[in-house]
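Colleague: Here it is: the structure, laid out below.
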């Protein structure tokens, strides 16, 4: 059965590729039928002569029928060519490569902090279930989860950036730092700029993970194999960590897989609030500038990560859940 996880992953990935293809085609069709002419609007705003606009439309295939445009884009995308961004004045692939490292850093830190905090919150609630601590922690998690992300972000900015001045309110770096700044100073500056957006995302993730994990832990604690392990003389801590938690990992692993798009798509609102130069800000600029190829590239990148995260989560759930182990 050593090849079973790989086969499971490849099967889920194959099913997901159809989803990515459908998302790409649907996005192309929607942009085609959207009101106005995105390419013409962008170039006319820059006072470009009509003959140059016509030449750009021909170069980008915007003057062709919709089926030909879809086929042309899909054929080019298969070779890694996602088109040209008029607003960024570079290829879409290059624009994504420029923004992706920032979002990957922010998303990775937020996911690690969020899931660690959510699991710790769930353990504290599950072990204090029915008591005041459980109710207070659950109420706080629900409040954070229910609040819009921009509200959480603005509260942190007001408290830690405006009032206390501990961290900068936005950006990814201090523009006054020269290229000859010591590596330690540059690292500390990047870390200070990362704290508030990462903590904002982590709080929302932790609230969601904590609520799902708490329910799963309580349900796992009532399973017959827990009673059997207790009868063998295992201590309560070992029962929680080595038995109940492993059986309750299913929802958390599923959420981890669904969180993977944060590494490519980022949090649209959070990146805009903190002026973080990642994929979320890039997608916002593509929509604001009506840049069709750039917007499509951002959508496809996000859809690809959703498919990959779902496939990995499916395999991980089967591997970690002892009730599904073969």
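The values are calculated or read from the model by the stated rules, or taken from the named source; none is laboratory data. Fair warning: this is a prediction, and the values are worked out from it, not measured in the lab. Every residue, glycine as well, gets a Cβ built from its backbone with ideal geometry; the counts of neighbours run over all protein chains shown.
Colleague: Here is a check on your reading of the model: is residue 126 surrounded by fewer than 17 Cβ atoms within 10 Å (Cβ to Cβ), assigned by TED's automatic domain parsing to the domain that holds residue 268 and out of contact with any strand residue (DSSP E or B) (no Cβ under 7 Å at 6 or more places or on another chain)? It would help to see each step written out before you state the result.
Modeller: Working: surrounded by fewer than 17 Cβ atoms within 10 Å (Cβ to Cβ): no; assigned by TED's automatic domain parsing to the domain that holds residue 268: yes; out of contact with any strand residue (DSSP E or B) (no Cβ under 7 Å at 6 or more places or on another chain): yes.
Criteria not met by residue 126.
Colleague: Inspect the range 100-116 for any residue being touching a strand residue (DSSP E or B) at 6+ places or on another chain (Cβ under 7 Å) and without any contact (Cβ under 8 Å) to a residue 12 or more places away in the chain and give the result as yes or no.
Modeller: So in the range 100-116, the residues touching a strand residue (DSSP E or B) at 6+ places or on another chain (Cβ under 7 Å) come out as none.
Scanning the range 100-116, I find no residue that is touching a strand residue (DSSP E or B) at 6+ places or on another chain (Cβ under 7 Å) and without any contact (Cβ under 8 Å) to a residue 12 or more places away in the chain, so the answer is no.
Colleague: Residue 121 versus (1) farther than 19 Å from residue 271 by Cα; (2) in a loop (DSSP other than H, G, I, E, B): which is the lone unmet condition?
Modeller: (2)
Colleague: Still on this structure: Under 6 Å between Cβ atoms, which residue pairs at least 6 apart in sequence (or on different chains) link something in the range 18-42 that is not assigned by TED's automatic domain parsing to the domain that holds residue 295 with a partner that is modelled with pLDDT of 70 or more and surrounded by fewer than 13 Cβ atoms within 10 Å (Cβ to Cβ)?
Modeller: 32/66
Colleague: Restricting attention to the range 138-155, which residues are surrounded by 13 or more Cβ atoms within 10 Å (Cβ to Cβ) and not in a helix (DSSP H, G or I)?
Modeller: Residue satisfying the conditions is 147 alone.
Colleague: Any chance the range 156-163 includes a residue that's over 18 Å from residue 109 (Cα atoms), loosely packed, with under 14 Cβ neighbours inside 10 Å and at pLDDT below 85?
Modeller: Going residue by residue through the range 156-163, those that are over 18 Å from residue 109 (Cα atoms) are 157-163.
The next check asks that each one be loosely packed, with under 14 Cβ neighbours inside 10 Å; those that pass are 158-159, 162-163.
Going one step further and asking which of them are at pLDDT below 85, we end up with none.
Looking through the range 156-163, none of the residues is over 18 Å from residue 109 (Cα atoms), loosely packed, with under 14 Cβ neighbours inside 10 Å and at pLDDT below 85.
Colleague: Mind counting the residues in the range 78-93 that are buried (at least 19 other Cβ atoms within 10 Å of the Cβ) and not in a loop (DSSP other than H, G, I, E, B)?
Modeller: 3
Colleague: Is it true that some residue in the range 175-185 is surrounded by 11 or more Cβ atoms within 10 Å (Cβ to Cβ), under 26 Å from the mean Cα position of the chain (by Cα) and either over 30 Å from residue 211 (Cα atoms) or touching a residue at least 12 places away in the same chain (Cβ under 8 Å) (or both)?
Modeller: Among the residues of the range 175-185, not one is surrounded by 11 or more Cβ atoms within 10 Å (Cβ to Cβ), under 26 Å from the mean Cα position of the chain (by Cα) and either over 30 Å from residue 211 (Cα atoms) or touching a residue at least 12 places away in the same chain (Cβ under 8 Å) (or both), which makes the answer no.
Colleague: Would you be able to say whether some residue in the range 130-137 is under 12 Å from residue 208 (Cβ atoms), surrounded by 15 or more Cβ atoms within 10 Å (Cβ to Cβ) and modelled with pLDDT under 85?
Modeller: Filtering the range 130-137 down to residues under 12 Å from residue 208 (Cβ atoms) leaves none.
Checking the range 130-137: not a single residue is under 12 Å from residue 208 (Cβ atoms), surrounded by 15 or more Cβ atoms within 10 Å (Cβ to Cβ) and modelled with pLDDT under 85.
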